[in-house]
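The structure under discussion appears below in the form of structure tokens.
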Amino acid sequence: EWWVQVIPAGLILNEWRIHIFNGRCIGRGLKVQTSEPNRKQPVRNRNNGWTLTHDIAPSNKVRQTAYESVKCLGYNFGAVDIIELNINDNQCVVLEVNSAPAIRSEYTIDIYTNALTKLSQGKWIKWRDKDFNVVDTNTTT
């Protein structure tokens, strides 16, 4: 059985896909509308006129929520779909954690290639778990 709660569109500020790998934020995408949405299907996906832009950094709260979601499931990596609501200081809600994220776009191929290269070179041996400060590898080295 599935449990679904509808969140009114007016409460949603942003929807993100955050890629966490070995305790680090290696990629992020903000969902943006590119065409007229299908009113019968409120899901924000490609078929309904939504795509991801990667040039906007999410808040630390969004990255922290993604990090904690992947970690609590015991995954080494995952792509977390999160919405920010315009209530309770931009409350974050996890929609899903993808344990096998699609790696088909140039962007996702690049971020996972980079992460696996760093891991294979011994640069990212341990899960990043000190006092929480998520590293966004798109903006820092």
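The values are calculated or read from the model by the stated rules, or taken from the named source; none is laboratory data. These numbers were taken from a predicted model, which means no experiment stands behind them. As a convention, Cβ positions derive from the backbone with ideal geometry for all residues, glycine included, and neighbour counts pool all protein chains shown.
A few comments on the model shown:
- Total residues in segment 78-102 satisfying the condition of being modelled with pLDDT under 90 and among the β-branched types (Val, Ile, Thr): the figure is 1.
- In this entry, residue 75 is excluded by the filter for residues that are among the aromatic types (Phe, Trp, Tyr) and touching a Phe, Trp or Tyr at 6+ places or on another chain (Cβ under 9 Å).
- Sole exception among (1) over 10 Å from the mean Cα position of the chain (by Cα); (2) within 20 Å of residue 115 (Cα to Cα); (3) surrounded by 14 or more Cβ atoms within 10 Å (Cβ to Cβ) for residue 99, by number: (3)
- Only listed residue being farther than 21 Å from residue 90 by Cβ, within 13 Å of the chain's Cα centre (by Cα) and in contact (Cβ under 8 Å) with a residue 12 or more places away in the chain, chosen from 63, 24: 24
- Count of segment 8-27 residues which are closer than 27 Å to residue 74 by Cβ and either part of a helix (DSSP H, G or I) or among the hydrophobic types (A, V, I, L, M, F, W, C) (or both): 6
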